[in-house]
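Following: one structure in structure tokens, then a few remarks.
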Amino acid sequence: MKCLKMVLLALVCGRLPSLAQIPTDPKASSNDEKAVISIGEQKITAKQVNKMLESMPPQYRPYYSGPGRKQLADFIINNRLQAEEAEKRGVEKREDVQMKIHIAREGILAAAVREELEKEIIVTDETLQKYLDEHVSQYEEARVKRIVIRSKSSMPFDPAKPADSFPSDEEAQAKADDIHKKLVEGGDFEELAAKFSNDPMTSGKGGDMGFIRRGNQAQLIVPPLENEIFSIKIGTIGDVMKTPLGYEIVKVQERRVPKLGDIRKEVEAAYRKQKGEEWLKERRGHYTIQIDDAFFKPTKASGTAQH
């Protein structure tokens, strides 16, 4: 049901076409033109339903093409009946509805032209390699080991270990400083991580986080710690640093830039996005654009959606 509501939202946003806008195809097969839904005298063909499926957001197509096909039929019928009632009442003449139609129309056209422009972008391995070489820092990875000493003020992430079970900030920092001293003097990182680290994800692996990417969110690497990871000399022990998880110590084992073949889709998507932004910048340059900065000054978020 939640999925169906999301599709309804997609319709409101203009992602799904009205059935009246889906023409029949004179070259279509008889199966395509077979009426699969009847609402009084109105007939909706297999071709029209399939076109609607094609217009759905990609994440919903598998469900409504398979296990949710009956719900799709109910959705089409209910939507048609409600739209018909809206037409009888002249709802489309309301200012708020007109604005939604305007926004939906521009959104549909913008998405369609983005697809057209994207098809025109010529992408080669040489082009993508050049882009990767120019944006190395975005894709650089580091293999990191870490020790985390939590304190009462650390961000909670294990219900079995409440904040009161950890030492104060002063005690946690003193413990981290002592571990750091041992490491600098040649102590074994894996043994100390296994014995003292409060990070359940890595302590059983000698503190090994594997390879992480700049901007990685999964391991909660905050910017100051990330900057240290990608700047200190390989093999050295980083300074004790306070983060939301506690007091952290890291050791960088290796840094690398993945080969283009391993991240080609990711690099291509970024390259296409950049070319799209360049196109928009070039188009904006053809117009005198003025923005009332006072009117558009950021304010506190209201109950409306933020984008």
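The values are calculated or read from the model by the stated rules, or taken from the named source; none is laboratory data. Everything quoted here is computed from the prediction, not taken from an experiment. Positions of Cβ are generated from backbone atoms using ideal geometry, with glycine treated the same way; all protein chains shown enter the neighbour counts. Remember, those area values only see protein heavy atoms, side chains included, never the ligands or the DNA or RNA. Shrake-Rupley method; radii C 1.70, N 1.55, O 1.52, S 1.80 Å.
List of remarks:
- If you check 270, 193, 176, 172 for being in contact (Cβ under 8 Å) with a residue 40 or more places away in the chain and over 18 Å from residue 148 (Cβ atoms), only one passes: 270.
- For the range 129-149, the set of residues classified as in contact (Cβ under 8 Å) with a residue 12 or more places away in the chain and either β-branched (Val, Ile, Thr) or in a helix (DSSP H, G or I) (or both) consists of 129, 131, 132, 136, 137, 138, 139, 144, 147, 148, 149, listed by residue number.
- Pick from the range 67-76, criterion open to solvent by 30 Å² or more (accessible area, probe 1.4 Å) and either outside any helix (DSSP H, G or I) or not acidic (Asp, Glu) (or both), ranking: nearest to residue 52 (Cα to Cα): 69
- For residue 251, the conditions (1) open to solvent by 70 Å² or more (accessible area, probe 1.4 Å); (2) in contact with a helix residue (DSSP H, G or I) (Cβ under 6 Å, 6 or more places away or on another chain) are fulfilled apart from (1).
- Taken as a whole, the structure leaves residue 247 outside the set of residues that are free of Cβ contacts under 8 Å to residues at least 12 places away in the same chain and hydroxyl-bearing (Ser, Thr, Tyr).
- Taken across the range 285-298, residues that are closer than 30 Å to residue 135 by Cα, open to solvent by less than 100 Å² (accessible area, probe 1.4 Å) and not in a loop (DSSP other than H, G, I, E, B) do not occur at all.
- Within the range 220-234, not a single residue is open to solvent by 90 Å² or more (accessible area, probe 1.4 Å), assigned to a loop (DSSP other than H, G, I, E, B) and in contact (Cβ under 8 Å) with a residue 24 or more places away in the chain.
- Sole exception among (1) in a strand (DSSP E or B); (2) farther than 22 Å from residue 140 by Cα; (3) open to solvent by 30 Å² or more (accessible area, probe 1.4 Å) for residue 186, by number: (1)
- Extreme residue, most open to solvent (accessible area, probe 1.4 Å), among residues of the range 189-218 that are within 22 Å of residue 155 (Cβ to Cβ) and among the hydrophobic types (A, V, I, L, M, F, W, C): 201
- Summed over the range 139-180, the residues that are touching a Ser or Thr at 6+ places or on another chain (Cβ under 9 Å), open to solvent by 80 Å² or more (accessible area, probe 1.4 Å) and modelled with pLDDT under 95 give a count of 1.
- Set 152, 88: member being among the charged types (D, E, K, R) and in a helix (DSSP H, G or I): 88
- Test for residue 46: is it touching a Lys or Arg at 6+ places or on another chain (Cβ under 7 Å) and at pLDDT 90 or above: yes
Yes/no matrix, rows are residues, columns are (1) more than 29 Å from residue 115 (Cα to Cα); (2) of a type in the set (Phe, Trp, Tyr); (3) part of a helix (DSSP H, G or I):
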| position | (1), (2), (3) |
| --- | --- |
| 43 | yes, no, no |
| 49 | no, no, yes |
| 61 | no, no, yes |
| 64 | no, yes, yes |
| 78 | yes, no, yes |
| 81 | yes, no, yes |
| 84 | yes, no, yes |
| 99 | no, no, yes |
| 102 | no, no, yes |
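- Among residues of the range 244-284, those that are in a loop (DSSP other than H, G, I, E, B) and farther than 16 Å from residue 209 by Cα, counted: 4
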